[in-house]
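Colleague: Okay, handing you the structure first.
The values are calculated or read from the model by the stated rules, or taken from the named source; none is laboratory data. Worth saying up front: this structure is predicted, and the values here are computed from it rather than measured. Note that each Cβ is placed from the backbone with ideal geometry, even for glycine, and that neighbours are counted across all protein chains shown.
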Protein chains: 2
Amino acid sequence: MAAIGVMPEMNGLKQKSRRSAVTLILTVLTSSQSILIVWSKRAGKYEYSVTTANFLVEALKCALSLAALVRIWRKDGVTDDNRLSTTWDEVKVYPIPAALYLVKNLLQYYIFAYVDAPGYQILKNLNIISTGVLYQIILKRKLTEIQWAAFILLCAGCTTAQLNPSSDHVLQTPLQGWVMAIVMALLSGFAGVYTEAIIKKRPSRNINVQNFWLYVFGMIFNAFAIMTQDFDAVMNDGFFHGYTLITVLMILNHALSGIAVSMVMKYADNIVKVYSTSVAMLLTAVVSVFLFGFHLSLAFFLGSTVVSVAIYLHSTSKARR
Amino acid sequence: MAAIGVMPEMNGLKQKSRRSAVTLILTVLTSSQSILIVWSKRAGKYEYSVTTANFLVEALKCALSLAALVRIWRKDGVTDDNRLSTTWDEVKVYPIPAALYLVKNLLQYYIFAYVDAPGYQILKNLNIISTGVLYQIILKRKLTEIQWAAFILLCAGCTTAQLNPSSDHVLQTPLQGWVMAIVMALLSGFAGVYTEAIIKKRPSRNINVQNFWLYVFGMIFNAFAIMTQDFDAVMNDGFFHGYTLITVLMILNHALSGIAVSMVMKYADNIVKVYSTSVAMLLTAVVSVFLFGFHLSLAFFLGSTVVSVAIYLHSTSKARR
């Protein structure tokens, strides 16, 4: 330790502030995402094909990564770490997260046969637990007991904050609904943890190259989704039918948050991502009070208190790695 | 430490198991108390004077303490620690908890001008926080940061478990209602912590003597309450008017739980008492499912999860004393 000197300490500080910056950006982008969704719902129902929007999000992320790379190439020149060309060995795992998300999105259409939309919002909090479990199993990083306690609190707190008088319906979910919700939580958790594993496997590789390849496969899989789900609509009404200003803003926001998620995976981890998106959920509710005149419930205050304690416990308990 | 040897270790073990036993007994008695209250409500409204019942509870506790003392005197003889006679210096503080409870009970009638009964149930959870604050200030025992986090979680979890669709009304409580609720929480917390201070001040003094004197003043203050509140009813309809089997069971249960609370104060502390009564609240709800066909809400499951994590955190974090 004594031999390390000043440079790595400065790097440590730089890494810590980069970590905080990407986490903050992700939190802000995620909350504005939810606000855009509420706004677009208020403005009327979706008239555009969701699959084309998803494709454009991937394409935009790809373009932004490429633009960042061009800037880096001009500044530092092309090196082994930032060259775009890749090996089969590096690239072969990149389609896996995109494929997992595709399967999860397809399942999403079927779960609504068993659960209503508010119930699905509540069941989605199972993602928190599945991410924790898979993070520990796949990335082999141990969460301390206090951190596990904090993670359970985060899940309970988020669910409490979302409670409304009809939430008890979710307890009547049939077994098939529970199984699908758990499978979806595992798929989503696995995709997140697997992406982190891919990105972290080559720490010195430039994040923009890693993103570029991730998003290329995202584009391919989403093109497949357009063909199978919205082929007729796109052929008859055009690719951009029903697009409005809000749609464009949502695509922009999704692309930026997607990149922020990747950055969090590179410089922090999935656990930080889960905390960040949970705080975003609470922020959204508070902002909605001012923007849309929403009322905050007692359950929201209680849930926020529990989430705050969870964040405190997580941050005071050092990770045993 | 090395000089202490085996005996105190055995004493430590004995003390620990006594501590667990009184805590368990308090939990069971408190939950059966609530079940008796539900049962009595189902059987019809109270027809008896609550003040006469409270007086009988104090009298019964007094009699039970005296009976326990007689057994001890026969076995061990009368010593300085178990003699009933006392000094002004010892006894002068004993009326204070009884007086505090009396003031609190009188305030209870007025708070309902500002809050409805379910709202009052929710505000009563402020007792948890006030007990923690006063415990730290008066008994000068420091709770660790994790234990404070656990205590906040206990309060949030208990409140969450009690949520129902009309709970949001409590947010419309006027300022006077909040002030009264906080004053009542402070009175109740102060009475509890002060009782612990009195009992712990003389560790070698037999608990039954300490209880006897506490309950003598309890009887006096409750006699005062009968005179001021139910004098006419008692004079016209008799002391025992409206008593049923349930009333008798409730008096018996209140007397036993009162003694259990004293035991917890002697061998454990107010913090353990708060955890014990919170668990009792959850137990009551579960038992009511079987006894009265109640339904458990999603909020109940979430609240119970948070309370369980709170208990876990409290027990793993050693108190810095």
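Colleague: Which of the residues belonging to region A:156-191 are in a loop (DSSP other than H, G, I, E, B) and surrounded by fewer than 18 Cβ atoms within 10 Å (Cβ to Cβ)? Reasoning before the result, please.
Modeller: Step one: filter region A:156-191 for residues in a loop (DSSP other than H, G, I, E, B), giving A:162-166, A:173-174.
Within region A:156-191, A:164, A:165, A:166, A:174 meet the criteria.
Colleague: Is it the case that residue B:283 is away from every other protein chain (no Cβ under 13 Å) and surrounded by fewer than 22 Cβ atoms within 10 Å (Cβ to Cβ)? Working first, answer last.
Modeller: Values: away from every other protein chain (no Cβ under 13 Å): yes; surrounded by fewer than 22 Cβ atoms within 10 Å (Cβ to Cβ): yes.
It is true that residue B:283 is away from every other protein chain (no Cβ under 13 Å) and surrounded by fewer than 22 Cβ atoms within 10 Å (Cβ to Cβ).
Colleague: Mind counting the residues in region B:154-163 that are under 20 Å from the mean Cα position of the chain (by Cα) and either within 8 Å of chain A (Cβ to nearest Cβ) or not aliphatic (A, V, I, L, M) (or both)? If you could, list the steps in order and put the result at the bottom.
Modeller: Just the residues of region B:154-163 that are under 20 Å from the mean Cα position of the chain (by Cα), to begin with: B:154-159, B:161-162.
Now narrow it down to the ones that are either within 8 Å of chain A (Cβ to nearest Cβ) or not aliphatic (A, V, I, L, M) (or both): B:155-159, B:162.
Residues meeting the conditions: 6.
Colleague: Need the failing condition index for residue A:109 against (1) under 25 Å from residue A:275 (Cβ atoms); (2) modelled with pLDDT under 90; (3) not aliphatic (A, V, I, L, M), just the number.
Modeller: (1)
Colleague: Please count how many residues of region B:231-240 are aromatic (Phe, Trp, Tyr) and part of a helix (DSSP H, G or I). Steps first, answer last, please.
Modeller: Applying the first criterion (aromatic (Phe, Trp, Tyr)) to region B:231-240 yields B:231, B:239-240.
Going one step further and asking which of them are part of a helix (DSSP H, G or I), we end up with B:231.
Of the residues in region B:231-240, 1 are aromatic (Phe, Trp, Tyr) and part of a helix (DSSP H, G or I).
Colleague: Name, by its number, the condition in (1) under 14 Å from residue A:33 (Cβ atoms); (2) in contact with a Ser or Thr (Cβ under 8 Å, 6 or more places away or on another chain); (3) buried (at least 21 other Cβ atoms within 10 Å of the Cβ); (4) among the hydrophobic types (A, V, I, L, M, F, W, C) that does not hold for residue A:255.
Modeller: (2)
Colleague: Separate question: For region A:290-313, which positions are within 7 Å of chain B (Cβ to nearest Cβ) and closer than 13 Å to residue B:157 by Cα?
Modeller: Initial filter on region A:290-313 (within 7 Å of chain B (Cβ to nearest Cβ)): A:297-299, A:302, A:305-306, A:309, A:312-313.
Listed by number, the residues that qualify are A:298, A:299, A:302, A:305, A:306, A:309.
Colleague: Here is a follow-up. Determine whether residue B:113 is away from chain A (no Cβ under 14 Å), over 19 Å from the mean Cα position of the chain (by Cα) and small (Gly, Ala, Ser).
Modeller: Numbers: away from chain A (no Cβ under 14 Å): yes; over 19 Å from the mean Cα position of the chain (by Cα): yes; small (Gly, Ala, Ser): yes.
Criteria met by residue B:113.
Colleague: I'm told residue A:105 meets every condition in (1) over 25 Å from residue A:53 (Cβ atoms); (2) under 18 Å from the mean Cα position of the chain (by Cα); (3) of a type outside the set (Gly, Ala, Ser) except one. Can you identify the failing condition by its number?
Modeller: It is condition (1) that residue A:105 fails.
Colleague: Just checking, how many residues over region A:200-230 are outside any helix (DSSP H, G or I) and either crowded, with 16+ Cβ neighbours inside 10 Å or under 17 Å from the mean Cα position of the chain (by Cα) (or both)? First the steps, then the outcome.
Modeller: Filtering region A:200-230 for residues outside any helix (DSSP H, G or I) gives A:202-206.
Now restrict to residues that are either crowded, with 16+ Cβ neighbours inside 10 Å or under 17 Å from the mean Cα position of the chain (by Cα) (or both): A:205-206.
The number of residues fulfilling the criteria is 2.
Colleague: Let me ask you something else. Restricting attention to region A:264-280, report how many residues are over 20 Å from residue A:310 (Cα atoms) and either buried (at least 22 other Cβ atoms within 10 Å of the Cβ) or among the charged types (D, E, K, R) (or both). Show your work before the answer.
Modeller: Initial filter on region A:264-280 (over 20 Å from residue A:310 (Cα atoms)): A:265-267.
Next cut, either buried (at least 22 other Cβ atoms within 10 Å of the Cβ) or among the charged types (D, E, K, R) (or both) only: A:265-266.
Residues that pass the stated criteria total 2.
Colleague: Looking for something touching a residue at least 12 places away in the same chain (Cβ under 8 Å), in a helix (DSSP H, G or I) and within 10 Å of chain B (Cβ to nearest Cβ) - is there at least one such residue anywhere in region A:133-142?
Modeller: The answer is no, given that none of the residues of region A:133-142 is touching a residue at least 12 places away in the same chain (Cβ under 8 Å), in a helix (DSSP H, G or I) and within 10 Å of chain B (Cβ to nearest Cβ).
Colleague: Next question, about the same structure. With the checklist (1) among the polar types (S, T, N, Q); (2) in contact with a Ser or Thr (Cβ under 6 Å, 6 or more places away or on another chain); (3) buried (at least 19 other Cβ atoms within 10 Å of the Cβ) in hand, flag the one item residue B:317 doesn't pass.
Modeller: Every listed condition holds for residue B:317 apart from (3).
Colleague: Output the residues belonging to region B:231-252 that are of a type in the set (Val, Ile, Thr), touching a residue at least 12 places away in the same chain (Cβ under 8 Å) and surrounded by fewer than 15 Cβ atoms within 10 Å (Cβ to Cβ). I'd like the intermediate steps shown before the answer.
Modeller: Filtering region B:231-252 for residues of a type in the set (Val, Ile, Thr) gives B:234, B:244, B:246-248, B:251.
Subset that is touching a residue at least 12 places away in the same chain (Cβ under 8 Å): B:234, B:244, B:246-247, B:251.
Scanning region B:231-252 gives a single hit, B:244.
Colleague: Please verify whether region A:196-212 includes one or more residues that are of a type outside the set (Asp, Glu), under 23 Å from residue A:268 (Cα atoms) and within 14 Å of chain B (Cβ to nearest Cβ). Spell out the reasoning first.
Modeller: Step one: list which residues in region A:196-212 are of a type outside the set (Asp, Glu), which gives A:197-212.
Restricting the remaining residues to those that are under 23 Å from residue A:268 (Cα atoms) gives A:197-212.
Keeping just the survivors that are within 14 Å of chain B (Cβ to nearest Cβ) gives none.
No, the conditions are met nowhere in region A:196-212.
Colleague: Count, please, the residues in region A:164-192 that happen to be in contact (Cβ under 8 Å) with a residue 60 or more places away in the chain and either within 25 Å of the chain's Cα centre (by Cα) or within 14 Å of another protein chain (Cβ to nearest Cβ) (or both).
Modeller: As a first pass, look at region A:164-192 and keep what is in contact (Cβ under 8 Å) with a residue 60 or more places away in the chain: A:164, A:174, A:176-177, A:180-181, A:183-185, A:187-192.
This time we only want the ones that are either within 25 Å of the chain's Cα centre (by Cα) or within 14 Å of another protein chain (Cβ to nearest Cβ) (or both), so: A:164, A:177, A:180-181, A:183-185, A:187-192.
Counting residues in region A:164-192 that are in contact (Cβ under 8 Å) with a residue 60 or more places away in the chain and either within 25 Å of the chain's Cα centre (by Cα) or within 14 Å of another protein chain (Cβ to nearest Cβ) (or both) gives 13.
Colleague: Any residue that is of a type outside the set (Gly, Ala, Ser) and at pLDDT 90 or above - is there at least one of those in region B:30-47?
Modeller: Within region B:30-47, the first condition is being of a type outside the set (Gly, Ala, Ser), and the residues that meet it are B:30, B:33, B:35-39, B:41-42, B:45-47.
In the following step, the residues that additionally are at pLDDT 90 or above were identified as none.
No, because not a single residue in region B:30-47 is of a type outside the set (Gly, Ala, Ser) and at pLDDT 90 or above.
Colleague: So residue B:146 fits all but one of (1) surrounded by 18 or more Cβ atoms within 10 Å (Cβ to Cβ); (2) away from chain A (no Cβ under 14 Å); (3) farther than 30 Å from residue A:164 by Cβ; what number is the exception?
Modeller: Single failed check for residue B:146: (2).
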